[in-house]
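Shown next, in structure tokens, is the structure this report addresses.
Bear in mind that the values in this text are calculations on the coordinates, not laboratory data. Because the structure is predicted, anything quoted here is derived from the model rather than measured. Ideal geometry is used to build each Cβ from the backbone, glycine not excepted, and the neighbour counts take in all protein chains shown.
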Amino acid sequence: MLNDLLVIGTGISGLTFAIKVAEQSPKLKITIISKGDMSEGNTRYAQGGIAVVRNLKDDSIEKHIQDTIIAGDGECDSHVVKFVIEEANARLNELINWGAEFDKNKEKLDLGIEGGHSEKRIVHYKDQTGKQIQDVLSKKLKSFPNINLLENHTLVDLITDHHSIEKKGRCYGAYVISQEREEIIKICSKITVLSTGGAGSLYAYSTNPSTATGDGLGAAYRAKVRMDRLAYVQFHPTALRDRVNNNVFLITEAVRGAGGILLNSKKERFMLKIDKRAELAPRDIVAREIHKQIKEQKEDFVWLDGSEIAVDVWKSNFPTIYKTCISQGILLPKDPIPVVPAAHYFCGGIRVNENSESELKGLYAIGECSSTGLHGANRLASNSLLEALVFSHRAAIHSVKSLLNPLPNEEFYKVLPAWNGEGYSKSDTLRNVEKLRKELQKNMTQHVGIFKTHEGLKLAEHKVNKIYIQVSKLYNEKKLTYGLSELRNLVSISYLIIKQAQQIKKNKGVFYIQDYDKKFYKTLQKST
Ligand SMILES: Cc1cc2nc3c(=O)[nH]c(=O)nc-3n(C[C@H](O)[C@H](O)[C@H](O)COP(=O)(O)OP(=O)(O)OC[C@H]3O[C@@H](n4cnc5c(N)ncnc54)[C@H](O)[C@@H]3O)c2cc1C
């Protein structure tokens, strides 16, 4: 069956896009897939909110633009920043009309503040903004008869000219693991949209769910689609190390916005010496300083002290964090929270234009897997949900129009080959896969994390090449498994991040190579 549109991913970007297309064009055939349950992705975990200028008395579009550009450290595309921020209100209003609820103060939306913002402009729903949005969009999506939702369907590769005799220079759909049918199926489509999210799983500690393995980025790389800014990986400064589940749990910046302060093991409020915005400085500055404090104090974490936040505020504004902390024996607000930085967000990705089109015809990329130019070298807090809303809207309008252009006919798609690998195996018994994934994460955490060195990048590249050889061998000799497919993508992205990092000649935003910072070396020499 030939689809008009194939959407890969059911987070805020994929769902918003599909809904908008279905609303405009009820006759178009749309298939949307998610690799697991449709609600699992980064969107669902977003806590802080969406940055939108609502209070024109104190705030302005210009101030939000400036804050975004300052955070992006000279790497933002100012044209993109301008239109995203100007279109923010219209997109937020649509979301509200679709049923999304946000916290209010009397009749008006309650606005929070987060790091890097000069005014209160974060629209939120408790500490569950993402879940609120995910639930509303998921419900709405299911109301459209022309949308075919396939959960447990995992993108393996895009179908491109590589698979076709006639070279039309387009994307024709995707090869997808159907977990139900236990085979790799071909889904053909006139337009394909990647909205597959980020790749936090590259690192040992990440705020992302384990499914964030950059599958869209890996598939785009194999299809030779241009990608940029991949080395700008944002680490969130404050994640609670969850010792019970051996992972980390995000403590939103809004906690610092509400009065939370950071203390080192000597109980010193160290951010005061670093930046006049103290705990609310942009994330890269706070994350780097926490990392430094941890090293200097020879501790595993620093403290986030929220004792000035009333217990009622904890319970009403941060119910998920409150419950999680209590379950770990941290009695809020009295007890401080032990926090560490964790891999959080990919500022770069598939290079797209202002309509979210990639450089491969027929392929769009929206949301965290894309690189629009909004974030530059560092995403300003709560600008990513906004980016997803604005670009889904633009891509929906543009892609529907583009379907009016002459396109390959149905016969062309029919003769595209079926998946020609060894096939798919449900059993994930390839023990090597888990081992290699852990090795890769260790390597990226050690050498390609918050602090990098040229020497470390070289070591990391060498290790990634070794892992790549083993993964290619497994891929060529064994049936493809779900885990192997994820690992193949993680290795490709690691390689790309390292190569792009090696080309950056100056520290910018979240990107930091110690060799470029003479001051750091001085402190290092003093302390050793
Ligand atoms: C803990 C946390 C808190 C955050 N808080 C905020 C915040 O307060 N404000 C803000 O603006 N941003 C926040 N972010 C960032 C923001 O949530 C994400 O950037 C955004 O939700 C990404 O949306 P998306 O639609 O691009 O991807 P996602 O929501 O990650 O969705 C990805 C989708 O792709 C699917 N997928 C992936 N691979 C495949 C495959 N191979 N085959 C098929 N489907 C696939 C997944 O199943 C999923 O449906 C936060 C992120 C995290 C992790």
| What about Leu92, is it touching a helix residue (DSSP H, G or I) at 6+ places or on another chain (Cβ under 8 Å), within 22 Å of Lys20 (Cα to Cα) and within 16 Å of the ligand (Cβ to nearest atom)? | yes
| said: Let me spell it out: the conditions are (1) assigned to a helix (DSSP H, G or I); (2) closer than 27 Å to Lys452 by Cβ, and Ala254 meets all of them except one. Which number is the exception? | reply: (2)
| task | Could you please find all residues in segment 204-225 being surrounded by fewer than 24 Cβ atoms within 10 Å (Cβ to Cβ) and either within 19 Å of Leu155 (Cβ to Cβ) or among the aromatic types (Phe, Trp, Tyr) (or both)? | result | Tyr205, Pro209, Ser210, Thr211, Tyr221, Arg222, Ala223, Lys224, Val225
| request: Quick one: which residue in Arg241, Arg269 is in contact with a Pro (Cβ under 8 Å, 6 or more places away or on another chain) and over 18 Å from Glu114 (Cβ atoms)? | output: Arg241
| field | Residue list for segment 467-508, filter: β-branched (Val, Ile, Thr) and over 30 Å from Arg181 (Cβ atoms) | value | Ile467, Ile469, Ile497, Ile498, Ile504
| query | Of Pro319, Pro333, Pro282, which residue is under 18 Å from the mean Cα position of the chain (by Cα) and over 30 Å from Ala219 (Cα atoms)? | reply | Pro282
| query | Regarding Lys29, is this residue farther than 20 Å from Val84 by Cα, surrounded by fewer than 24 Cβ atoms within 10 Å (Cβ to Cβ) and more than 10 Å from the ligand (Cβ to nearest atom)? | reply | yes
| remark: Scanning segment 472-495 for residues that are more than 18 Å from Lys438 (Cβ to Cβ) and not in a helix (DSSP H, G or I), the one nearest to the ligand (Cβ to nearest atom) turns out to be Leu480
| field | Criterion (over 21 Å from Pro341 (Cα atoms), of a type in the set (Asp, Glu), surrounded by 13 or more Cβ atoms within 10 Å (Cβ to Cβ) and in contact (Cβ under 8 Å) with a residue 24 or more places away in the chain) met by exactly one of Glu439, Glu434, Glu422 | value | Glu422
| note | Only unsatisfied item for Ile65, checking (1) away from the ligand (no atom under 15 Å from the Cβ); (2) buried (at least 18 other Cβ atoms within 10 Å of the Cβ); (3) touching a residue at least 40 places away in the same chain (Cβ under 8 Å); (4) not hydroxyl-bearing (Ser, Thr, Tyr), is (3)
| query | Can you name the condition, by its number, that Glu354 falls short on among (1) part of a loop (DSSP other than H, G, I, E, B); (2) within 16 Å of the ligand (Cβ to nearest atom)? | reply | (2)
